[in-house]
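Right, one structure below, let's go through it.
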Amino acid sequence: VSGGKTIAENFVIRDIGVGLNFSTLGAIRSTGGDNTLTGTITLFDDSAFGVDDASKLTINGQIMMAPSASLSGDAGFTKFGAGTLVVGGTGDNVVTGAVAIIEGTLELNKTGGATPFSGDLVIGDNRGVAGPTAVVKLNGPNQIPELNFYKTGINTVNVSSHGKLDLNGQSDTIGNLH
């Protein structure tokens, strides 16, 4: 997606996409401008979004994990690329797996008490690069869930040596912090 587009279509993501390195991965990828997706995005297993440097992708539709007949799997997503991914909107996302930010920024901007995800949060990956290259920024209060989707376990926020959790003046109650 590029060029400042708003797309109201539904998407199904089944993998992390094709790319040559962390900067070019993402099954849905924003390559330029400020782009917005307003339809429902369904995740199968672990999926990925990519946002190139100087680009922004805002997801205002719901992100849902695909139904599983066995209820055995959790679906999460990974954010690649140096740009900014904004998870917004007013509906709960049903993302029960881990959300990992490898590089760039993830802004959590759900409103009305909606949750952006219900699993663990991983910020960075300890690749040995200098300074924080993976950032999660709260644009509202109570964006990071304390309990998992099933309300049976405490979630973990793991901030690596090149990750940063930016509370941005907001308040939040989280589970474990590593």
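Given axes a ≥ b ≥ c from the Cα gyration tensor, I'd like to know whether the chain is rounded (a/c under 1.5), prolate (a/b larger than b/c) or oblate.
rounded
Any chance you could list P(r) for segment 30-105, counting all Cα-Cα pairs in 5 angstrom bins from zero, rounded to whole %?
4, 17, 25, 24, 18, 8, 3, 1, 0
Rolling a 1.4 Å sphere over the protein heavy atoms, what is the accessible area per residue of the chain, to the nearest Å²?
About 46 Å² of surface per residue is accessible.
Run the numbers for THR173 and ASN10: contour at 0.36 nm per residue of separation, minus the present Cα-Cα distance, in nm.
In short, 55.5 nm is gained.
Heavy atoms only, probe 1.4 Å: what % of the accessible area of segment 1-50 goes to carbon and sulfur, would you let me know?
In segment 1-50, the share of accessible area belonging to carbon and sulfur is 50 percent.
Amide H of ASN168: which non-local residues (sequence gap of 5 or more, or other chain) have their own amide H closer than 5 Å, using H built in the peptide plane?
LEU138
For ILE28, enumerate residues with amide H under 5 Å from its amide H, sequence gap 5+ or separate chain, H modeled in the peptide plane.
Close amide H contacts, sequence-distant or interchain: ALA48, GLY50.
Considering only lysines 8 or more places apart in sequence, or on different chains, count the pairs in the chain whose C-alpha atoms sit under 21 Å apart.
Within the chain, the lysine pair count is 14.
Counting other Cβ atoms within 10 Å, which trypsin sites (Lys or Arg not before Pro) in segment 1-60 have at most 16 and lie in a DSSP loop?
For trypsin sites (Lys or Arg not before Pro) across segment 1-60 that sit outside H, G, I, E and B with at most 16 neighbouring Cβ atoms in 10 Å, the list reads LYS5, ARG14.
In debye, nearest 20, what is the charge dipole magnitude of segment 1-125 about its Cα centre with +1 on Lys and Arg Cβ and -1 on Asp and Glu Cβ, if you could check?
Computed about the Cα centre, the dipole is about 280 debye.
The values are calculated or read from the model by the stated rules, or taken from the named source; none is laboratory data. The structure presented is a predicted model; accordingly, all values stated were derived computationally and were not measured. Here Cβ is always computed from backbone atoms with ideal geometry, including for glycine, and neighbour counts include all displayed protein chains. Just so you know, the surface numbers come from the protein's heavy atoms only, side chains and all, with ligands and any DNA or RNA stripped out. Shrake-Rupley method; radii C 1.70, N 1.55, O 1.52, S 1.80 Å.
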